[in-house]
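J.: Starting off with a structure, shown below.
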Amino acid sequence: MGDLLPTSISMFLTRILVCLGFLALATAQFNTNYVSGRSGMVHLFEWKWDDIAVECENFLGPNGFAGVQVSPVNENAVKDSRPWWERYQPISYKLVTRSGNEAQFASMVRRCNNAGVRIYVDVVFNHMAADGGTYGTGGSTASPSSKSYPGVPYSSLDFNPTCSINNYNDANQVRNCELVGLRDLNQGNSYVQDKVVEFLDHLIDLGVAGFRVDAAKHMWPADLGVIYRRLKNLNTDHGFASGSKAYIVQEVIDMGGEAISKSEYTGLGAITEFRHSDSIGKVFRGKDQLRYLTNWGTAWGFAASDRSLVFIDNHDNQRGHGAGGADVLTYKVPKQYKMASAFMLAHPFGTPRVMSSFSFSDTDQGPPTTDGQNIASPIFNSDNSCSGGWVCEHRWRQIYNMVAFRNTVGSDGIQNWWDNGSNQISFSRGSKGFVAFNNDNYDLNSSLQTGLPAGTYCDVISGAKIGSSCSGKTVTVGSDGRASIYVGSSEDDGVLAIHVNAKL
């Protein structure tokens, strides 16, 4: 027995060291790799690469945005009537889509990085295209029925056996069977791992800062851990610090009550916190009271702040897919949407992502086109807004000015919380910023503690600071930090925000 104790201790210590090693590797995956002083990511859903490059230079960079999530970059199946979801049916890992080719993608990443805006790619490697997906955007062909994708190449040896997901309380079924008929890759297969790592490393070489991993919940965490750990460091030629790792955010829909939990994935990277989207929708739709937001964060069942990518809506749940149902706020209810977005950007919790949509009436509808096939560029109006079938929520003044608010307040905590016992609230971020919200059917008209230095400030929701004057409301803060705050119940926006960089 005597010599067993040291061996067991040795094994225990080895396991501890292995775990610490994994932890050290994993910790880096939570860093967004943003340029210092910037925050706020925008999902430019279905935009073309050339248009994103111009947007980084002309709008996102100058307005302090930190990053762009782009639609899937790899060759996808060409579907009749070109629905948005064809982008989630891979044919190969060639960088050819309706958004552009590899040269255009590489140029866009370079130009955005030069503008201080990082690029995050929506990557799809849980599956390949379903039946009917025989021809790709890059000219490749495939035979999904025989699980043959020569553009990679993948054969039937690289997939899980054919079965359907019928029970989300069966983790094996969720991870080993086919999501809506999409051919389910086996990420435990070393050849599949090689191909996925090769694909992601190629994107890292081109200068991307991280990845949104589509359908992560449908893959085994241990397999994902192997893939993430094998990824090369970010490309220092694009301004990343030596040794930087890709930011990983995994699509894990966890509303509770299923076999698979987001906590199985938060050791590997961040997750898409769908409970945030659901909860904030209920609050600003009036189903919960604003005063309850006083403990917003993990007390609401969210993952830890640095593990939570937070959003009002995403490309799935704004269409009724994913999680949240009718409670999800979208551009179609603009007042509540702007209020919720302002709260998300004013509050320190999580890594916020702003949605930038195209308008739709049919949930399968693809982006605006010039001819039914080729994606049309957004049209920009004199007030910065978009037209031509594009919504561009990120160009709404009430949203991009709150990105600047977030950059201004930095890491300062919440102070001076106030509520009226129902649906009027306000708080400061240290002594740098102050916001007030009114979701009651009567006016908010109170003297409130702003925490800010004395002076006259421009409300960045109703307008902006232009030279030595305000184009919207002004707020005068007294020597005691208090100000008379008015947000009328009939106003378009229901929110007021001031910060030290908007002081006259």
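The values are calculated or read from the model by the stated rules, or taken from the named source; none is laboratory data. This structure is a prediction, so every number in the text was calculated from the model and none was measured. As a convention, Cβ positions derive from the backbone with ideal geometry for all residues, glycine included, and neighbour counts pool all protein chains shown. Just so you know, the surface numbers come from the protein's heavy atoms only, side chains and all, with ligands and any DNA or RNA stripped out. Shrake-Rupley method; radii C 1.70, N 1.55, O 1.52, S 1.80 Å.
J.: From zero up to wherever the largest Cα-Cα distance of the range 225-348 sits, split into 5 Å bins and tell me the percent of pairs in each.
T.: Bins of 5 Å from zero give 2, 10, 18, 19, 18, 13, 9, 7, 4, 0 percent of pairs.
J.: Something else about it: Excluding ligands, DNA and RNA, what is the solvent-accessible area per residue of the range 131-202 at a probe of 1.4 Å, expressed in Å²?
T.: Counting only protein heavy atoms, the per-residue value for the range 131-202 is 44 Å².
J.: With angles folded into 0 to 90 degrees, how steeply does helix 4-27 sit against the dominant principal axis of the chain? Use alpha carbons for both and round to 10.
T.: 60 degrees
J.: In whole Å, what three semi-axes, largest first, describe the equivalent ellipsoid of the range 157-217 built from its Cα gyration tensor (square root of 5 times each eigenvalue)?
T.: 26, 14, 8
J.: A further question follows. Among Ile399, Ile485, Ser305, whose Cα projects farthest towards the positive end of the dipole of the chain, with charges put on the beta-carbon of Lys, Arg (+1) and Asp, Glu (-1)?
T.: Result: Ile485, furthest along the dipole toward the positive end.
J.: For Ile271, which sequence-distant residues (separation of 5 or more, or a different chain) have an amide H within less than 5 Å of its own amide H, given hydrogens modelled in the peptide plane?
T.: Gln250, Ser308, Leu309
J.: Using modelled amide H (1.01 Å from N, peptide plane; none on Pro or chain starts), what sits under 5 Å from the amide H of Ser92, excluding residues fewer than 5 places away?
T.: Glu75
J.: Using per-residue counts of other Cβ atoms within 10 Å, averaged over each peptide, order 88-98, 295-305 from highest down.
T.: Top of the packing list down: 88-98, 295-305.
J.: Let me ask you something else. Quick check for you: with a 1.4 Å probe and neighbouring chains kept, what is the accessible area per residue of the range 427-504, in Å²?
T.: 40 Å²
J.: Order 423-430, 309-316, 445-452 from most to least packed using the mean count of other Cβ atoms within 10 Å.
T.: Peptide ranking by packing, descending: 309-316, 423-430, 445-452.
J.: Once phi is turned into ³J(HN,Hα) by the Karplus curve 6.51 cos²θ - 1.76 cosθ + 1.60 with θ = phi - 60°, what whole-Hz value does each residue of the range 248-261 show in order, with x for glycine and proline?
T.: Per residue, the Karplus-derived 3J(HN,Hα) values read 10, 10, 9, 6, 10, 7, 9, 9, x, x, 10, 5, 9, 10 Hz.
J.: Still on this model: Could you let me know the centre-to-centre spacing of the range 444-504 and the range 295-333, using Cα atoms, in angstrom?
T.: The range 444-504 and the range 295-333 have Cα centres separated by 28 Å.
J.: Can you compute the helix-only [θ] at 222 nm over the chain? Use -39500 (n - 2.57) per DSSP H run of at least 4 residues, normalise by all residues, nearest 500 deg cm²/dmol.
T.: -7000 deg cm²/dmol
J.: Any idea how far apart Arg230 and Tyr135 come out in nm if each label point goes 7 Å out from Cα toward Cβ?
T.: 3.4 nm
J.: Now, a different point. For Ser385, enumerate residues with amide H under 5 Å from its amide H, sequence gap 5+ or separate chain, H modeled in the peptide plane.
T.: none
J.: Leaving out ligands, DNA and RNA, and with a 1.4 Å probe, what % of the accessible surface on the range 114-243 is carbon or sulfur?
T.: Looking at the range 114-243 in its full context, I get 48 percent from C and S.
J.: A further question follows. At Lys282 and Asp201, where each label point lies 7 Å from the Cα along Cα→Cβ, what is the point-to-point distance in nanometres?
T.: Computed distance between label sites Lys282 and Asp201 equals 4.5 nm.
J.: Antiparallel DSSP bridges in the chain: what percent, to the nearest 5?
T.: If I count the DSSP bridges inside the chain, around 60 percent turn out antiparallel.
J.: Excluding ligands and nucleic acids, what accessible area in Å² is computed for Leu231 using a 1.4 Å probe, to the nearest 10?
T.: Rounded to the nearest 10, the figure is 10 Å².
J.: Now, a different point. Using per-residue counts of other Cβ atoms within 10 Å, averaged over each peptide, order 112-124, 75-87 from highest down.
T.: So the order, starting with the most tightly packed, is 112-124, 75-87.
J.: Given a 1.4 Å probe and every protein chain left where it sits, what share in percent of the accessible area of the range 268-346 is carbon and sulfur?
T.: 45 percent
J.: Here is a follow-up. To the nearest 0.05, how large is the calculated FRET efficiency for Asn374 and Tyr486 if R₀ is 35 Å and r is the Cβ-Cβ distance?
T.: So the FRET efficiency works out to roughly 0.10.
J.: Give me D for the chain in µm² s⁻¹, whole number, from Stokes-Einstein with Rh from the Kirkwood sum over alpha-carbon pairs, 25 °C and 0.890 mPa s.
T.: Result for D is 103 µm²/s.
J.: Would you work out the charge dipole size for the chain about its Cα centre, treating the Cβ of every Lys and Arg as +1 and the Cβ of every Asp and Glu as -1, and quote it to the nearest 20 debye?
T.: Approximately 960 debye in magnitude.
J.: For the range 370-380, what does the Karplus curve 6.51 cos²θ - 1.76 cosθ + 1.60, with θ = phi - 60°, yield as ³J(HN,Hα) per residue in whole Hz, taken in order and with x for Gly and Pro?
T.: 8, 8, x, 10, 8, 4, 8, 6, x, 9, 9
J.: If you fit an axis through the alpha-carbon atoms of helix 190-205 and take the longest principal axis of the Cα set of the chain, what angle between them do you get, 0 to 90°, nearest 10?
T.: Long axis of 190-205 versus the principal axis of the chain: about 40 degrees.
J.: Using +1 at the C-beta of Lys and Arg and -1 at the C-beta of Asp and Glu, which of Ser361, Thr476, Cys458 has the Cα lying farthest in the positive direction of the dipole of the chain?
T.: Thr476
J.: Any chance you could give the angle, 0 to 90 degrees and rounded to 10, that helix 334-346 forms with the longest Cα principal axis of the chain?
T.: 80 degrees
J.: Probe of 1.4 angstrom, ligands and nucleic acids ignored: what's the accessible area per residue over the range 209-362, in square angstrom?
T.: 30 Å²
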